[in-house]
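Here's the structure, in structure tokens; my notes come after.
The values are calculated or read from the model by the stated rules, or taken from the named source; none is laboratory data. Computed from a prediction, not measured in an experiment: that's the story for all the values here. In this analysis, Cβ positions are derived from the backbone assuming ideal geometry, glycine residues included, and neighbour counts consider all displayed protein chains. The accessibility values were calculated without ligands, DNA or RNA, using every heavy atom of the protein model including side chains. Shrake-Rupley method; radii C 1.70, N 1.55, O 1.52, S 1.80 Å.
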Amino acid sequence: MKRWTVWQRVGMTLTLAGWNLAVWAAITPESVISSTADEVVATLKKDKAIQNGDRAKAYALIQDKVLPHFDFTRMTRLAMGKNWRQASPEQQQKLTEGFRDLLVRTYASSLSQYKNQELKVKGSDMEDGGNEATVHSVVIPSGGPSVPIDYRMEKSGEDWKVFDIQVDGVSLVTNYRNEFSDIVRNHGIDGLIQAMADKSRQAESRTAGKK
């Protein structure tokens, strides 16, 4: 089950690239990330409660800055691969909600780990006639080597939404696809839904233990 920990590897990069798309008339994939990184980091720096593991405040920050700008349905569909078609509409909804909840709770536990990391956007590549893009960035820690992070994004109206993240060349959804496939093979779709719920509770417990 070690692949379940991949979200912890990218939790801090999400912290550095939180989103708040309030009044931009024309936004680009790069601006979605770079224009708000300073705001999110500033929030973390001044909010000691989040740094100390306050779950309610961490969830509120994620809800406000991150969730509106992820396409969790597409992320879940990609992570499920061919097994997505085996799920009923009700199961697909539960899978999407379970995946979102798992990622949010795992990500919340990483907010207390912020240590003055810096995110720099290095450019982007447009794809699919300008409807998709890959934004290239690097996370520069306070000590240690930089980590390249690529954000796969799709245009949604005037906004851009993330549907995959690649950390040092490793895709988040691909990692989960391997894990999900194993669980579905052994326990079925309902087994995967239950496994997500179990992992969410474990992530919640880890976060609670930091308070």
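For region 29-122, the C-alpha radius of gyration sits at 1.27 times the compact-globule guess of 2.2 N^0.38 Å, with N the residue count. Relative to the Cα centre, the charge distribution of region 73-160, modelled as +1 at Lys and Arg Cβ and -1 at Asp and Glu Cβ, gives a dipole magnitude of about 360 debye. Per-residue accessible area (protein heavy atoms, 1.4 Å probe) orders 140, 189 as 140, 189, starting from the largest. If you take all other residues with their beta carbon under 10 Å from the beta carbon of residue 75, and give Lys and Arg +1 and Asp and Glu -1, the sum is +3.
Accessible surface for residue 149 stands near 0 Å², nearest 10, in the context of the full protein assembly shown (1.4 Å probe).
Once every Cα of region 99-211 carries one equal point scatterer and solvent is ignored, give the base-10 log of I(q)/I(0) from the Debye formula at q = 0.11, 0.14, 0.20 Å⁻¹, two decimals. Debye output, listed in q order: -0.50, -0.79, -1.20. Over 25 Å between Cα atoms, which of 48/122; 57/115; 48/94; 122/161 qualify? Pairs exceeding the cut-off: 48/122; 48/94. Going by accessible surface with a 1.4 Å probe and the largest first, 154, 179, 97, 127 read 97, 127, 154, 179. Percent of C-alpha pairs per 10 Å bin in region 106-145, short distances first: 24, 34, 29, 13.
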